[in-house]
Amino acid sequence: MSSQQTSIVSAPPPDRASSDGPLVPSARPAGAGPPSAPTTRGASGAGRRNRWQLPRPVRRAGGPLATLLLWWLLSATGVLSPEVLASPGTVFGKALSMIADGELPTAIAVSGRRVVLGFGIGAVIGTALALVAGLLRLGEDLVDSTVGMFRTLPWVGLIPLFIIWFGINEEPKIALIALGVTFPIYFNLYAGIRGVDAQLVEAGRVLGLGRWGLVRHVVLPGALPGALVGLRYALGTAWLALVWAEQVNASQGIGYLMNNAQQFFQTDVIVVCLVTYAVLGLLCDLIVRLATKYLLSWRASFEGA
Amino acid sequence: MTTLTSPAVRIRGLTKAFDQRPVIDGLDLDVRPGEFVALLGRSGCGKSTLLRILAGLDTEIGGQVEMPGRRAVAFQAPRLMPWKRVWQNVVLGLPGRPDRALAQRYLDEVGLSGKTAVWPKTLSGGEAQRVSLARALVREPDLLLLDEPFGALDALTRVKAQRLVADLWTAHGCAVLLVTHDVEEALLLADRVLVMDGGVIAHEVAVDLARPRPVGHPTLVALRTELLGRLGISEPAK
């Protein structure tokens, strides 16, 4: 269908038809410049792009690498003393030795377990609440205002209460992570469900989908973009909640290593722990981003200019 | 293709009000099996409401409506599920486990053989609308409801889509109710053109011309003037 249109539109002069930017030739008075002008301009534009535009991954790595270099320079020149912040080299060496003696892997395993359990519990609760509130009007009335009320509580501030309720072992830590995760999952999935195009739901009904069919084929796929935003947000919150939780009475885990290091001014260990938190969080984010790219490949959306 | 024993649509004394304001007010309508009926009317005259009632989307109505169980709708916007591939969109909602071959047959028919497995986002407006037609026809409806399906298409694509609908109607023999703003389109396609006004069918003309109909046919020109007059638009003096 569109091919027919194109053939009609492209009937005018061949030099205009050959250029895909009609503004360039038409802006010039006819016969004023050399006939090859539009082509030359196009080619020089492309050449400029090749010469100056580095591949995007390289461009994106530029900022962090420059920061690292600055840190190294400040340490090497003695502006940054090791008591304030250890040099990148020292931190790197410390990280290697902590990995070699198993200290870091053990801590990661302990902390990772907390995140996995807390995130799992929070995700299940958040998803269940969002489904009830999103799919049923009665559920919305019962659940949404209640969740909204709890949302206003500063969840980090609940640590003392959690210690009274759950003791000082793993339970309060996992509970805090679960609580932090529940809200982003709930709000994004709920908004995602309610944001599904009513016209598509109507079309689904006309096509003969029943209630469950509508949920499965229309509502949930439609809510997926929102749910994935919630997932990403929730994972970030989970690692943040872990950091808070591990400041309290941890006898193992990354937070314990950090608290210990604080006693002896081991800034290198603290930085290793911070970087470990960051890397683990980044890894989670990367996985979700890849999953998002795959799961939302159907979506026609703006991808940036 | 489909054998029908009862009239496709029989409506008596249909009423529908929004906030006590009647939109449809005692409407009667019959559509014979296999008949192509076009419904014209000014914006807000209730023609889309009538179509929604026939589609089963509006059930809070007064009066009597008899219609076949197998109905299908093509909306003005194609309303394809963006997260389902084209063929999955076509068979969505069919009972059982319909396969891709079934969708393929109907996609071939609307001229989209090569687009079976693509995402809807890659389709042009005309292509998406044809998928929507295939999705309606795969249900082998006795009554096909078309709600301004060409309204959002450009002029050329629209002509092609109109011809496609005419061909599909000939091949499938289902009754069609086409809601449209376009008098010419109604006259080219329909056996009967209805004008809705004041909540009822206010006027109706039969178009007894062989198909395909030339746009400039004197009968069509005369009918066009008559219908436009009924819609409140008088032809400018030449």
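The values are calculated or read from the model by the stated rules, or taken from the named source; none is laboratory data. As the structure is a prediction and not an experimental result, all values here were calculated from the model. Every residue, glycine as well, gets a Cβ built from its backbone with ideal geometry; the counts of neighbours run over all protein chains shown.
Do we find that A:Ile287 is among the β-branched types (Val, Ile, Thr) and surrounded by 17 or more Cβ atoms within 10 Å (Cβ to Cβ) in this structure? So A:Ile287 does not fit the description; no.
Just one of the listed residues (B:Leu92, B:Leu143) is under 23 Å from the mean Cα position of the chain (by Cα), of a type outside the set (Lys, Arg), modelled with pLDDT of 90 or more and within 18 Å of B:Leu189 (Cα to Cα), namely B:Leu143.
Here A:Tyr256, A:Tyr190, A:Tyr233 are screened, and the one residue that is of a type in the set (Phe, Trp, Tyr) and farther than 30 Å from A:Gly139 by Cα is A:Tyr256. Note on segment A:181-206: among residues that are in a helix (DSSP H, G or I) and small (Gly, Ala, Ser), the one that is surrounded by the most Cβ atoms within 10 Å (Cβ to Cβ) is A:Ala203. Number of residues in segment A:137-148 that are under 23 Å from A:Val229 (Cβ atoms) and either touching a Phe, Trp or Tyr at 6+ places or on another chain (Cβ under 8 Å) or surrounded by fewer than 15 Cβ atoms within 10 Å (Cβ to Cβ) (or both) equals 5.
Of all residues in segment A:221-280, those that are under 27 Å from A:Thr90 (Cβ atoms) and within 14 Å of chain B (Cβ to nearest Cβ) total 0. Identification of helices (runs of 4 or more DSSP H) wholly contained in segment B:121-223 with 2 or more residues that are within 14 Å of chain A (Cβ to nearest Cβ) yields B:125-137, B:155-172. Filtering segment B:9-21 for residues that are over 18 Å from the mean Cα position of the chain (by Cα), of a type outside the set (Val, Ile, Thr) and not in a strand (DSSP E or B) leaves a non-empty set. Of the residues B:His172, B:His181, which single one is modelled with pLDDT under 90 and either within 18 Å of the chain's Cα centre (by Cα) or of a type in the set (Phe, Trp, Tyr) (or both)? Selected residue: B:His181, the only one of B:His172, B:His181 that is modelled with pLDDT under 90 and either within 18 Å of the chain's Cα centre (by Cα) or of a type in the set (Phe, Trp, Tyr) (or both).
Here is the figure for segment B:64-73: residues that are more than 10 Å from chain A (Cβ to nearest Cβ) and buried (at least 16 other Cβ atoms within 10 Å of the Cβ) total 3. Residues of segment B:74-92 that are free of Cβ contacts under 8 Å to residues at least 40 places away in the same chain and surrounded by fewer than 22 Cβ atoms within 10 Å (Cβ to Cβ): B:Met81, B:Pro82, B:Lys84, B:Arg85, B:Gln88.
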